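The values are calculated or read from the model by the stated rules, or taken from the named source; none is laboratory data. Values in this document were obtained by computation on a predicted structure and should not be read as measured data. Every residue, glycine among them, receives a Cβ derived from its backbone with ideal geometry; neighbour counts consider all protein chains shown.
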Amino acid sequence: MTADPAPIAVALDHAELETALDWAAAVGPYVSTVKVGLELFLRYGSDAVVKAREVSGGRSVFLDLKLHDIPNTVAGAARSVAGLEPAFLTVHASGGEAMVRAAVDELPHTRVTAVTVLTSLSGEDLAAIGLAGPARAAACRLASLAVAAGARAIVCSPQEVSAVRREVGPDVTLITPGVRPAGSSSGDQSRVATPEQALEDGADLLVIGRPITAAADVAGAARDLAAVLIAHDVQQPRNR
């Protein structure tokens, strides 16, 4: 395992636990975090978290469940995963301050992570669902609400990260999905940026899935991207 893993959370998005664990083992030496999402967690439950942590060499686990319900239900859900000790657990900031606070109160040792505006949503999508935009304004508004409720991390697109950093200050962890190395397909993401740009703009942790997990050599893809980001981070101060 490298002494200085890159600030990458690799998305273990696959229906089969065996494949996801192969990915986790391959990337563990190079990245700081592995992300377990809904598909894997709903099918395999706590095993997905426990085994992903184990095979990755004890890397942090980002449990990406995006909880969104009434405060009492979210409190119960947060309580039910407390024993798994995730480093991060996502909730939707749009659930409101009381809902975010309910998760925070149940997980004092986890960074409750508020999702602002999904990176798959365009400006037209925001208008259609009635969320006042543009995306940057909506993300800042939701981030401010969530931090006031005790969230210690925020998920926002790389195109909003610099504005959100100004909104919440230097002590909140900013996590950016929608990160694509130059030349990669954007897939189903609408608001994307390169990893280097996201870091320069103030991101702390980059969620990257298919550019690594769809590679012919998963370990090699993680190693190469990690080396680029570590070198870039040394040379370029972040927007903090």
Condition broken by residue 168, with the remaining ones in (1) modelled with pLDDT of 95 or more; (2) within 26 Å of residue 50 (Cα to Cα) satisfied: (2)
Selection within region 76-90 - farther than 14 Å from residue 50 by Cα and either acidic (Asp, Glu) or part of a helix (DSSP H, G or I) (or both): 76, 77, 78, 79, 80
Conditions (1) modelled with pLDDT under 90; (2) part of a helix (DSSP H, G or I); (3) surrounded by 15 or more Cβ atoms within 10 Å (Cβ to Cβ); number of the one not met by residue 234: (3)
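Can you pull out the residues in region 6-18 that are in contact (Cβ under 8 Å) with a residue 40 or more places away in the chain and either surrounded by fewer than 17 Cβ atoms within 10 Å (Cβ to Cβ) or closer than 17 Å to residue 198 by Cβ (or both)?
So the first thing to find is which residues in region 6-18 are in contact (Cβ under 8 Å) with a residue 40 or more places away in the chain, and the list is 6-14.
Answer for region 6-18, where residues must be in contact (Cβ under 8 Å) with a residue 40 or more places away in the chain and either surrounded by fewer than 17 Cβ atoms within 10 Å (Cβ to Cβ) or closer than 17 Å to residue 198 by Cβ (or both): 6, 7, 8, 9, 10, 11.
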Qualifying residue in region 83-91 (condition: free of Cβ contacts under 8 Å to residues at least 60 places away in the same chain, surrounded by fewer than 22 Cβ atoms within 10 Å (Cβ to Cβ) and out of contact with any strand residue (DSSP E or B) (no Cβ under 9 Å at 6 or more places or on another chain)): yes
Filtered residues of region 33-48 (kept if touching a residue at least 12 places away in the same chain (Cβ under 8 Å), among the aliphatic types (A, V, I, L, M) and surrounded by fewer than 22 Cβ atoms within 10 Å (Cβ to Cβ)): 38
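Listed here are the residues, each with its yes/no results for (1) in contact (Cβ under 8 Å) with a residue 60 or more places away in the chain; (2) surrounded by fewer than 21 Cβ atoms within 10 Å (Cβ to Cβ); (3) at negative phi.
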{"residue": "27", "(1), (2), (3)": "yes, no, yes"}
{"residue": "31", "(1), (2), (3)": "yes, no, yes"}
{"residue": "60", "(1), (2), (3)": "no, yes, yes"}
{"residue": "72", "(1), (2), (3)": "no, yes, yes"}
{"residue": "78", "(1), (2), (3)": "no, no, yes"}
Counted residues, region 130-151 - those being touching a helix residue (DSSP H, G or I) at 6+ places or on another chain (Cβ under 8 Å) and outside any helix (DSSP H, G or I): 7
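On the given criteria, is residue 66 crowded, with 24+ Cβ neighbours inside 10 Å and within 17 Å of residue 173 (Cβ to Cβ)? Walk me through it before giving the result.
Values: crowded, with 24+ Cβ neighbours inside 10 Å: no; within 17 Å of residue 173 (Cβ to Cβ): yes.
No.
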